[in-house]
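Asker: Quick one: the structure is below, and I'll ask about it shortly.
The values are calculated or read from the model by the stated rules, or taken from the named source; none is laboratory data. Just so we're clear, the structure is a prediction, and the values are computed from it rather than from any experiment. Neighbour counts run over all protein chains shown; Cβ positions are idealised from the backbone, glycine included. Just the protein is used for accessible areas: all its heavy atoms, side chains included, with ligands, DNA and RNA removed. Shrake-Rupley method; radii C 1.70, N 1.55, O 1.52, S 1.80 Å.
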Amino acid sequence: MAVLTPPGRADEPQAGSQFYEVRTYELGDQGDEALLDSYLESALLPALERQQIGPIGVFSPSAADETGTQAVFVVIPYDQLEQIATLRDALASDEDYQAAAKEYLDRPHTNPPYERIRSELLSSMACWPELQVADGSLENDERVYELRLYESANERIGDLKVDMFNNGEVPIFLDVAITPVFIGQCLMGPQMPSLTYLTVYENDEARRQAWKDFLAHPDWKVLSKNPKYAGTVSHIDKFVLQAKPYSQM
């Protein structure tokens, strides 16, 4: 898997160049994941492509995930906030979408395909201002992902965690083969203030080794002991994910 490098030139994208919706379809005990997959693959992703929105990532918990979560995670990148505002109307007027989504949309309320949808909206950060899919990653069926959410105790402390990423963490990631897909600060969502990021690895063994190397990295030992950044994370959500066969990430 190719290692990416964070943009750094003055003419390259800056923080806020993109926005990310992390949409979680919580299946619950009665969810119909097969119907949801059919809807996402055949209806939603093609409709988003027609709106020039993508690439779209679709993931489920891998065998290495320890959360017990029953969910499908969808990552949708937007270049403009206006795309979010107009998407609902665009889907309503898209005849191909409506036809492909009919079985999903016509499911009776007594038998819903999921328990609920939870979404958070993120703004890209200076350390990784645009989503990147690593070269060759889609051809690797053994790849795994980590989706992490770092929650902070208040807005000031949350901004410090963002500053910590922007001023040291990402180069360490790249040095130990933790490859970001996106990194974003939460604008709206059920857990705030927070930042969320998605990383990819060649396989689960590589993921585990990369985090061991990260914790042992001399630059992390210095950065993590900087008193400025003490107590910046009050809660961590970590999901180890695998890509759906139709995922574009």
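Asker: Filter the stretch 231-249 for residues that are open to solvent by less than 40 Å² (accessible area, probe 1.4 Å) and in a loop (DSSP other than H, G, I, E, B); which is farthest from P171 (Cα to Cα)?
Answerer: Y246
Asker: While we're on this one: Of R143, R107, R156, R116, which residue is touching a residue at least 60 places away in the same chain (Cβ under 8 Å), open to solvent by 60 Å² or more (accessible area, probe 1.4 Å) and among the basic types (K, R)?
Answerer: The unique qualifying residue is R116.
Asker: While we're on this one: Taking the conditions exactly as written (touching a residue at least 40 places away in the same chain (Cβ under 8 Å) and in contact with a Ser or Thr (Cβ under 8 Å, 6 or more places away or on another chain)), does R23 satisfy them or not?
Answerer: Yes: the conditions hold for R23.
Matching residues to (1) farther than 18 Å from F73 by Cα; (2) within 16 Å of the chain's Cα centre (by Cα); (3) at pLDDT 95 or above:
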{"residue": "S93", "(1), (2), (3)": "yes, no, yes"}
{"residue": "Y97", "(1), (2), (3)": "yes, no, yes"}
{"residue": "K102", "(1), (2), (3)": "yes, no, yes"}
{"residue": "S124", "(1), (2), (3)": "yes, yes, yes"}
{"residue": "L131", "(1), (2), (3)": "no, yes, yes"}
{"residue": "A134", "(1), (2), (3)": "yes, yes, no"}
{"residue": "N140", "(1), (2), (3)": "yes, no, yes"}
{"residue": "V144", "(1), (2), (3)": "no, yes, yes"}
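Asker: Then there's this: State yes or no: is K228 basic (K, R), free of Cβ contacts under 8 Å to residues at least 40 places away in the same chain, over 21 Å from S123 (Cβ atoms) and part of a helix (DSSP H, G or I)?
Answerer: Considered against the rule, which asks whether it is basic (K, R), free of Cβ contacts under 8 Å to residues at least 40 places away in the same chain, over 21 Å from S123 (Cβ atoms) and part of a helix (DSSP H, G or I), K228 comes out as no.
Asker: Still on this model: Listed residues P190, P171; which is assigned to a helix (DSSP H, G or I), over 19 Å from F59 (Cα atoms), in contact (Cβ under 8 Å) with a residue 60 or more places away in the chain and not aromatic (F, W, Y)?
Answerer: Going through P190, P171 in turn, the sole match is P171.
Asker: Specify which of the listed residues (V133, V162) is touching a residue at least 60 places away in the same chain (Cβ under 8 Å) and either outside any loop (DSSP other than H, G, I, E, B) or of a type outside the set (D, E, K, R) (or both). Spell out the reasoning first.
Answerer: Values: V162 fails: touching a residue at least 60 places away in the same chain (Cβ under 8 Å).
Exactly one residue qualifies, and that residue is V133.
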